[in-house]
Amino acid sequence: HGSRDSTPEGHDPDERWMRRALDLAARGPQVDPNPRVGCVVVSPQGEVVGEGWHRGAGTPHAEVAALESAGDAARGATAYVSLEPCAHTGRTGPCAQALHAAGVTRVVHAQTDPNPVAAGGADWLREHGVEVRGGVLAEEATALNRTWTHLATTGFPWVTWKLATTLDGRSAAADGTSRWITSEAARQDVHRLRSECGAVLVGTGTALTDDPYLTARRPDGSLMDVQPVRVVMGERDLPAGAHVLDDAAPTWHLRTRDPKQVLTALAEAGIHHVWLEGGPTIVAAFLAEGLVDEVVAYIAPVFLGRGRPSVGDLGITTIADALRLEPTDITLIGHDVRVTACLKES
Ligand code: AOF
Ligand code: ZN
């Protein structure tokens, strides 16, 4: 079950080596314009003779790193790559050619390259007499680069909307104050997830009302090693002393209220995962345009009664039109509940 092959799951040697390639891929940086890719070179005797993974844009691709560690032993070997080898000369040379030149006679890959600029390596290898098998553990490989794949296929970064709300769906009190609805533990979880994204996005409204830092910080308040770009969208000026303008991380003030324009600018910078912490108006605009891919909601055992909703008008007036999501995870964090859910592809 689960396997497309006649052999029982786990007994397909190609799957076994691909799992190793995926483990190597996961060592790569999550926040980088490039995908995380791993490669294992295996001799005809079934021995690993080379391993490599991609360490980020501008560095050698996984295949080249693995070939380098294999040296002459790559001759007659099989290469397992978690992404179809590239056929293009980008920041580095084409991997399909490098595999062939090193004497690799069989290539097994997982995900087919969704990047039209780089795709075509499998065909090129076949044309040059290399046996190719694709699609092995492709779902796992795609999941590992879910946000990068989304950008490559849609042109927009994957948008995760983070919200913190009371049991009655309020994200701020009637006077606009909102510190704090959720517990310390939930807020720490937010910092961890922020650091896994390329950008944190708010509108000028939130930047002016809350004066947030939008950095990713450890429980002791120190900055994490990887900081997302802080993006503030909207035409209003920010005061010189705004926390978001400190030197803890880069900040881009994009003077537009058009979600597509903002996401296009971030896509051009190689950002494939955006953490949206915007207020009700911005979030409603992103939802209306179908630009929210996932929601991470922290729900606290708190009531505010009168207060401000987490999202503005969505044009929904009857229950049949409700926006229903598919939950992928529900976790208790301190005394709050974190619900992760995806918006259905329409
Ligand atoms: C990677 N790492 O290990 C593999 C990639 O701009 P470049 O030259 O680094 O090319 C990036 C593209 O190459 C990438 O989008 C993907 O389509 C392909 N394969 N990329 O960064 C790798 N194998
Ligand atoms: Zn490559």
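Taking the criterion of being away from ligand 2 (no atom under 12 Å from the Cβ) and either surrounded by fewer than 24 Cβ atoms within 10 Å (Cβ to Cβ) or of a type in the set (A, V, I, L, M, F, W, C) (or both), the residues of the stretch 58-80 that qualify are GLY58, GLU68, SER69, ALA70, GLY71, ASP72, ALA73, ALA74, ARG75, GLY76, ALA77, THR78.
Consider ARG20 carefully, then state whether it is touching a residue at least 40 places away in the same chain (Cβ under 8 Å) and either away from ligand 1 (no atom under 13 Å from the Cβ) or β-branched (Val, Ile, Thr) (or both).
Details: touching a residue at least 40 places away in the same chain (Cβ under 8 Å): yes; either away from ligand 1 (no atom under 13 Å from the Cβ) or β-branched (Val, Ile, Thr) (or both): yes.
Yes: the conditions hold for ARG20.
If you take the residues of the stretch 60-117 that are assigned to a loop (DSSP other than H, G, I, E, B) and basic (Lys, Arg), which of them is nearest to PRO44 (Cα to Cα)? Restricting to residues being assigned to a loop (DSSP other than H, G, I, E, B) and basic (Lys, Arg), the top hit is ARG75. Looking for something touching a Cys at 6+ places or on another chain (Cβ under 9 Å) and buried (at least 17 other Cβ atoms within 10 Å of the Cβ) - is there at least one such residue anywhere in the stretch 275-290? Checking the stretch 275-290: at least one residue is touching a Cys at 6+ places or on another chain (Cβ under 9 Å) and buried (at least 17 other Cβ atoms within 10 Å of the Cβ).
Between ALA152, ALA186, which is assigned to a helix (DSSP H, G or I) and more than 29 Å from LEU332 (Cβ to Cβ)?
Numbers: ALA186 fails: more than 29 Å from LEU332 (Cβ to Cβ).
Exactly one residue qualifies, and that residue is ALA152.
Of all the criteria given as (1) under 30 Å from LEU291 (Cα atoms); (2) of a type in the set (Gly, Ala, Ser); (3) surrounded by fewer than 17 Cβ atoms within 10 Å (Cβ to Cβ), the one not satisfied by ALA138 is (3).
Does the stretch 15-29 contain any residue that is at pLDDT 95 or above, closer than 18 Å to GLN111 by Cα and within 11 Å of ligand 2 (Cβ to nearest atom)? Within the stretch 15-29, none of the residues are at pLDDT 95 or above, closer than 18 Å to GLN111 by Cα and within 11 Å of ligand 2 (Cβ to nearest atom).
Of all residues in the stretch 206-243, those that are of a type in the set (D, E, K, R), under 21 Å from VAL31 (Cα atoms) and assigned to a loop (DSSP other than H, G, I, E, B) total 2. Of all residues in the stretch 165-175, one or more are surrounded by fewer than 21 Cβ atoms within 10 Å (Cβ to Cβ), without any contact (Cβ under 8 Å) to a residue 24 or more places away in the chain, out of contact with any Phe, Trp or Tyr (no Cβ under 6 Å at 6 or more places or on another chain) and not hydrophobic (A, V, I, L, M, F, W, C). Whether a residue is more than 23 Å from ALA269 (Cβ to Cβ), touching a His at 6+ places or on another chain (Cβ under 8 Å) and either crowded, with 21+ Cβ neighbours inside 10 Å or not hydroxyl-bearing (Ser, Thr, Tyr) (or both) was assessed, and ASP211 passes this test.
For the stretch 155-183: of the residues being part of a strand (DSSP E or B) and of a type outside the set (A, V, I, L, M), which is farthest from ligand 1 (Cβ to nearest atom)? I'd like the intermediate steps shown before the answer.
Step one: filter the stretch 155-183 for residues part of a strand (DSSP E or B), giving 158-165, 170-173.
Applying the additional criterion that residues be of a type outside the set (A, V, I, L, M) yields 158, 160-162, 165, 170-171.
Details: TRP158: 15, THR160: 21, TRP161: 26, LYS162: 27, THR165: 37, ARG170: 42, SER171: 37 Å.
Across the stretch 155-183, the extreme among qualifying residues is ARG170.
For the stretch 81-113, filtered to residues that are over 23 Å from the mean Cα position of the chain (by Cα) and touching a residue at least 40 places away in the same chain (Cβ under 8 Å), the residue that is surrounded by the fewest Cβ atoms within 10 Å (Cβ to Cβ) is VAL108.
Take the residues of the stretch 165-190 that are among the basic types (Lys, Arg) and closer than 19 Å to THR215 by Cα: which is modelled with the highest pLDDT?
Of the residues in the stretch 165-190, the ones among the basic types (Lys, Arg) are 170, 179, 187.
Next, from what is left, pick out any that are closer than 19 Å to THR215 by Cα: 179, 187.
Values: ARG179: 93, ARG187: 97.
So the residue we want is ARG187.
The values are calculated or read from the model by the stated rules, or taken from the named source; none is laboratory data. What you are looking at is a predicted structure, and each value in this text was computed from that prediction instead of being measured. We place every Cβ from the backbone using ideal geometry, glycine too, and count neighbours over all the protein chains shown.
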